[in-house]
Amino acid sequence: MKSRELLTGVGIVVVAALILFGLLQLVPTGVSYNNPPVVAEPPWDSPQTRALAVRACFDCHSNQTNWPWFTRIAPASWLAARDVVEGRRRLNFSTWGQPSAGGEGGEGGRPINAGELVRVIQNGSMPPAIYLPLHPSANLSPQEQQQLIQGFMNTFQ
């Protein structure tokens, strides 16, 4: 008798969890999964710098975001939307020359600081560790990190 009651209790919890998960899908992210147009990009020092930036940075710091299937399922959708909105606000490689949009001039219209870009790569805060397991191509080798750092220094100084 107790095992039947336990199964009934587990069943109720599973059904409730599925209903809650379904209801979470109704909460909007507030972002469109259609990327805005690319206005202009920085004057990259080389195609290699741009390619490395595309791999490691563009999903959050450009209007060329790749929205995989899991970015449409709550709660991952909320996290992805927040990261893209915040990333574009701080630095957007697709709105170069538009200071208020996070392009040339960066957040709040201040100039892009190559040293700051280098620091976030070197200290491992960009790309964020939580991003890398689902985006393995963004995980740059030490040599690629150095190439990106040098490319950013050449492009933004």
Restricting to segment 131-157, give me the number of residues that are more than 15 Å from P42 (Cβ to Cβ), assigned to a loop (DSSP other than H, G, I, E, B) and in contact with a helix residue (DSSP H, G or I) (Cβ under 8 Å, 6 or more places away or on another chain). 4
Looking at the structure I just gave you, is Q143 modelled with pLDDT under 90, loosely packed, with under 13 Cβ neighbours inside 10 Å and either touching a Leu at 6+ places or on another chain (Cβ under 6 Å) or over 25 Å from V31 (Cβ atoms) (or both)? no
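Residue-by-condition table, conditions (1) modelled with pLDDT of 90 or more; (2) exposed (fewer than 11 other Cβ atoms within 10 Å of the Cβ); (3) not in a loop (DSSP other than H, G, I, E, B):
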residue: S3; (1), (2), (3): no, yes, yes
residue: L18; (1), (2), (3): no, yes, yes
residue: F21; (1), (2), (3): no, no, yes
residue: V27; (1), (2), (3): no, no, no
residue: Q48; (1), (2), (3): yes, no, yes
residue: F93; (1), (2), (3): yes, no, no
Over segment 55-75, the set of residues of a type outside the set (S, T, Y) and under 12 Å from the mean Cα position of the chain (by Cα) is R55, A56, C57, F58, D59, C60, H61, N63, Q64, N66, W67, P68
Tell me whether segment 107-121 contains one or more residues that are of a type in the set (G, A, S), assigned to a helix (DSSP H, G or I) and modelled with pLDDT of 90 or more. no
Is at least one residue of segment 67-81 in contact with a Phe, Trp or Tyr (Cβ under 8 Å, 6 or more places away or on another chain), modelled with pLDDT of 95 or more and of a type in the set (K, R)? no
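The values are calculated or read from the model by the stated rules, or taken from the named source; none is laboratory data. Source: prediction; values computed, not measured. Because the Cβ atoms are built from the backbone with ideal geometry, glycine has one as well, and the counts that use them run over all protein chains shown.
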